[in-house]
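The next block holds one structure in the form of structure tokens; read it before the comments.
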Amino acid sequence: MENLNLVDTFSEFKEFKSIETETLMRIIEDVFRGVLVKKYGSDENIDIIVNVEKGDFEIWRNRIIVEDGQVEDETKQVAYSEAVKIEPDFEVGEELSEEIKLKDFGRRDILAIRQNLVGKVQEYERASIFAKYKEKVGEIVICEVYQAWKKEVLLMDEDGVEVVLPKSEQIPGDFFRKGDTVKAVVFKVEMKNGIPNIILSRVSPIFLEKLFEQEVPEIYDGLITIRNTVRQPGERAKVAVESYDDRIDPVGSCVGVKGSRIHSIIRELRNENIDVINYTPNIELYITRALSPAKVISVSVDEQRKKADVFMQSDQVSLIGKGGYNIKLAGKLTGYEIEVYRDTDMDYEDVDLDEFNDEIDTWIIDTLKGIGCDTAKSVLKLSKEELEDRTDLESETIDHVLEILRAEFED
């Protein structure tokens with residue numbers, strides 16, 4: 001079009017950084033075609049030539065020259081007398097290509113084109129941002145604080161896209177100023193009134209898992225799997241890990257030499273205590289490990305009700321942690337409702353199973369310990385049927401063990 005460079009004319013386009021020039025030109029062409037259809041009734045015989053490098057284009061209207069008085073469709077045909085005004089050498093039957101210039105559009109058309117172009121480009125930009133971040137849900141991003149408010153923090157990513165970190169998704173103790181760099185996980189992406197709303201989180205368990213993935217190569221490579229993660233943000237977290245390679249210690253790999261790997265994660269989480277636990281399908285042992293660092297004497301599990309009674313000495317109960325976070329998180333990690341009993345709730349006459357190693361084979365004692373029974377009364381608390389279901393011991397062996405243990409408490 002004559003003296004028209006749309007990229008310069010519509011200066012609003014310069015703020016759209018993620019839209020490619022080819023896409024911008026395609027949008028411009030579509031908008032102009034819409035106006036041309038309204039103006040001429042059809043755009044079938046109109047060519048729009050786009051020059052991507054210069055950012056401008058030309059519009060040509062093509063019509064067949066017919067005898068005067070023979071025009072049946074003005075959108076596709078032009079009278080001979082009109083054609084020769086443009087070029088005297090034209091003959092009937094030839095095609096007339098006529099350039100449509102900016103001055104051919106009315107002021108109202110120009111305003112409509114401008115509004116439609118800006119609207120279409122903004123719409124495309126927003127859709128692109130939405131699609132980009134929808135694919136990033138569950139991934140860590142690093143952004144810069146643009147504005148910090150009481151209820152949320154507005155951040156900008158490297159492309160200038162606005163994202164939000166609500167107060168509810170911040171770790172207690174988080175405090176940000178303008179210009180600070182913030183690391184968080186993309187938590188939720190949704191459209192509100194046509195505008196992408198991107199929510200970040202620093203309290204999601206996924207954030208902790210992704211931090212481990214960044215710090216522990218074995219997790220990133222798939223040699224170690226995170227089976228479950230639970231958190232009380234800013235206080236404590238528990239991570240159950242498992243390795244499918246016996247040569248790899250999953251807990252040791254996650255902690256690192258002298259805690260080198262886990263310390264950087266702890267610092268990022270405002271000194272949140274992190275317990276890394278070796279996952280096991282043995283629920284009694286899993287619960288015992290989940291309550292770390294507290295040492296458990298015995299565990300009694302009700303699988304149907306998903307409840308577990310845990311016994312430990314009084315000095316270990318204090319290790320459950322402030323606010324009972326340790327036991328709450330252990331319950332969430334294992335999926336069992338855990339009730340802890342101090343040794344004052346227990347029978348002092350109970351006897352450790354190891355005391356019976358002269359009467360009961362060591363491997364049998366180890367099997368009973370494997371289901372969380374470390375004392376004589378913790379075994380006697382279970383029925384013979386429960387012992388058969390939860391161990392591989394034969395019926396006669398269980399009868400023999402129960403007979404020995406009961407004799408210990410007979411007068």
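The values are calculated or read from the model by the stated rules, or taken from the named source; none is laboratory data. Here the structure is a predicted model, which is why all the values come from computation and not from measurement. Methodologically, a virtual Cβ is constructed for each residue, glycine included, from the backbone with ideal geometry; neighbour enumeration extends over all protein chains shown. Side chains included, ligands, DNA and RNA excluded: accessible areas come from the protein's heavy atoms. Shrake-Rupley method; radii C 1.70, N 1.55, O 1.52, S 1.80 Å.
Available extension along the chain between Glu388 and Trp60 is 109.2 nm, counting 0.36 nm per residue and deducting the alpha carbon span.
Can you pull out the GluC sites (Glu not before Pro) in the range 236-322 that DSSP calls coil and that have at most 15 other Cβ atoms within 10 Å? Each step should come with its number before you reach the end.
Values: sites: Glu242, Glu268, Glu272, Glu284, Glu303; in loops: Glu272, Glu303.
Those satisfying the criteria are Glu303.
Where only DSSP H runs of four or more residues are counted, the chain gives -10500 deg cm²/dmol as its mean residue ellipticity at 222 nm, each run worth -39500 (n - 2.57). Between the Cα long axis of helix 325-334 and the first principal axis of the chain there is an angle of about 80°, rounded to the nearest 10. The stretch between Glu94 and Glu82, if pulled fully straight at 0.36 nm per residue, gains 3.0 nm over its current Cα-Cα span. At a probe radius of 1.4 angstrom, the accessible area of the chain per residue rounds to 56 square angstrom.
For the chain, the longest principal axis of the C-alpha atoms and the axis of helix 205-215 are separated by about 90°.
Under 8 Å for C-alpha pairs, at least 6 residues apart: give me the relative contact order for the chain, rounded to a whole percent. Can you show the working numbers first?
On the way: 626 pairs, mean separation 33.7, N = 411.
Relative contact order of the chain: 8 percent.
With unit charges on the beta carbons (Lys and Arg positive, Asp and Glu negative) and the dipole taken about the Cα centre of the range 191-233, which residue among Ile226, Gln214, Ile199 sits farthest to the positive side? The Cα lying farthest towards the positive end belongs to Ile199. Among rounded, prolate and oblate, which fits the range 39-145 when a ≥ b ≥ c are the square roots of the eigenvalues of its C-alpha gyration tensor, a/c under 1.5 means rounded, and a/b larger than b/c means prolate? Judged from the Cα gyration tensor, the range 39-145 comes out prolate (a/c at least 1.5, a/b above b/c). Helix 395-409 and the longest principal axis of the Cα set of the chain meet at an angle near 60°.
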